[in-house]
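The values are calculated or read from the model by the stated rules, or taken from the named source; none is laboratory data. These numbers were taken from a predicted model, which means no experiment stands behind them. Counting neighbours? That spans all protein chains shown, and the Cβs are built from the backbone with ideal geometry, glycine included.
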Amino acid sequence: MKQIVLIVSFLVLTSGIAPAETMFVSDRMEITLRTGPGSDRKIISMLISDEVVDVLETENGWSRVQLADGREGWAITRFLTSSRPSRITLKALKQEHDKLLTEITDLRQKNISLTDEKQQVGKELKQNKIRSTELSRSFETLKTESAGFIQLQLDYKNAMTALKQQTQRASELDTEVEKLKWNQNVRWFLSGAGVLLLGFIIGFSTKRQRRRSSLL
């Protein structure tokens with residue numbers, strides 16, 4: 001019987017405990033953290049805009065919150081928001097924008113290197129084609145002459161192998177250059193879109209802060 005009473009008591013006590021909800025201080029300069037749910041209570045600390053708090057409970061327009069350092073207090077509920085503040089969003093967008101610009105710069109440099117290599121391979125390919133033609137003619141002329149036939153045949157085979165390798169490499173470089181151009185264009189587009197979105201959010205956030213400042 002005692003065990004049943006203890007179990008029921010535990011369930012009653014734990015049923016009223018809700019998990020803490022992570023929220024942010026809304027876009028204001030500062031709000032007060034007090035010892036209790038009332039503006040007459042002692043101020044513990046000042047919370048800056050975008051500060052993260054865990055809401056433990058709410059009561060009559062006030063919320064008991066826990067700070068990152070473990071301190072607890074009461075703040076006005078309407079100054080808290082579950083939405084990620086624009087300043088944090090702007091910071092994340094700026095970091096992503098900078099990352100895209102870095103990737104674009106790296107891709108551009110790699111594209112230049114591959115283009116230079118492609119030009120060099122093209123020159124070598126052209127030279128090998130000329131040499132292959134010359135060797136083919138020499139082979140046809142000297143194939144009946146046993147003295148130089150074996151060496152000429154070996155040179156011809158080597159030239160054909162080199163020509164095949166150079167042709168394959170040139171094709172691979174063409175594919176890589178086209179792929180890099182595509183990736184670069186995509187990143188330029190994303191970067192531009194990020195800049196436009198960043199400007200829109202900054203303008204919207206500034207207008208909103210001015211409106212709230214005028215209300216204060």
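Taking the criterion of being outside any strand (DSSP E or B) and either of a type in the set (Phe, Trp, Tyr) or in contact (Cβ under 8 Å) with a residue 12 or more places away in the chain (or both), the residues of the stretch 63-85 that qualify are Leu67, Ala68, Arg71, Thr77, Arg78, Phe79, Ser82, Ser83, Arg84, Pro85.
Quick check on Val12: is it under 40 Å from the mean Cα position of the chain (by Cα) and either at pLDDT below 80 or closer than 30 Å to Gly194 by Cβ (or both)? Steps first, answer last, please.
Numbers: under 40 Å from the mean Cα position of the chain (by Cα): no; either at pLDDT below 80 or closer than 30 Å to Gly194 by Cβ (or both): yes.
So Val12 fails the test.
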